[in-house]
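Here the structure is laid out as C-alpha cells; the discussion comes afterwards.
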Amino acid sequence: MIPRYGAAPRPGHHYRLRPGAYAIVMVGTHVLLTEQTLETGAEIQLPGGGIDPGEAPVPALHREIYEETGWHCQVIRRLGAYRRFTWMAEYGFHAEKLCTIYLAQATMRIGAPTERGHRPLLLDPAVACDRIANPADRPFLRDVARRMQR
C-alpha cells in the first residue's frame, strides 16, 4: 500500500492520475534542490515533476532535473512513493499525484536551469529537511541525512 500525505480525496471530485518522479540528488555531502518562484513566494522543492504520456519514469526524472537545476545525474535507486490529492491550478484539474522518490548522484552541471522560475540550491540534508516545502518529502530526506551521518 502506498501511503497518502495530505488531505483525503473529496467526494464528488474526479481525480486524474498524475504520476511524477522526484529525486534527492547528492552533490558531495549536499543535496541539490530547486527553489521555484511562485505567485505566493519562493518554495524549496526536490527536483522532478510529472511523467508525460509515453515517457518512462527515469528519463522523465533526468529531463526534470536538468530543466529545474541545469545538472545531469545518475539515478542510484528508488527510495519509495506516496500519493497526494490536490488541485493542479496550472493544468486545471484535480489530481491524484503518485510521486516516486529516487536517490541520485549529480554528475555534471551543464548550465542554468531551462525552466523559468527555478534556481538550483545546495543544502546540507539536515537543513533541507527543515526548508523543503512538501512535508511528504521530509521522511525521505531524513533517511538520507541519517545514512550520511553513519
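May I ask you to verify whether R63 is of a type in the set (K, R), surrounded by 14 or more Cβ atoms within 10 Å (Cβ to Cβ), out of contact with any strand residue (DSSP E or B) (no Cβ under 6 Å at 6 or more places or on another chain) and more than 16 Å from P135 (Cα to Cα)?
Considered against the rule, which asks whether it is of a type in the set (K, R), surrounded by 14 or more Cβ atoms within 10 Å (Cβ to Cβ), out of contact with any strand residue (DSSP E or B) (no Cβ under 6 Å at 6 or more places or on another chain) and more than 16 Å from P135 (Cα to Cα), R63 comes out as yes.
Quick one: which residue in P120, P113 is modelled with pLDDT of 95 or more, under 20 Å from G50 (Cβ atoms), touching a helix residue (DSSP H, G or I) at 6+ places or on another chain (Cβ under 8 Å) and not in a strand (DSSP E or B)?
P113
Between T107, T34, which is among the polar types (S, T, N, Q) and surrounded by 16 or more Cβ atoms within 10 Å (Cβ to Cβ)?
T34
Of the conditions (1) more than 13 Å from A23 (Cβ to Cβ); (2) free of Cβ contacts under 8 Å to residues at least 40 places away in the same chain; (3) out of contact with any Leu (no Cβ under 7 Å at 6 or more places or on another chain); (4) surrounded by 13 or more Cβ atoms within 10 Å (Cβ to Cβ), G70 clears all except one; give me its number.
(2)
The values are calculated or read from the model by the stated rules, or taken from the named source; none is laboratory data. Bear in mind that the values here come from a model prediction, so they are computed numbers and not experimental data. Virtual Cβ from ideal backbone geometry, glycine too; neighbours counted across all protein chains shown.
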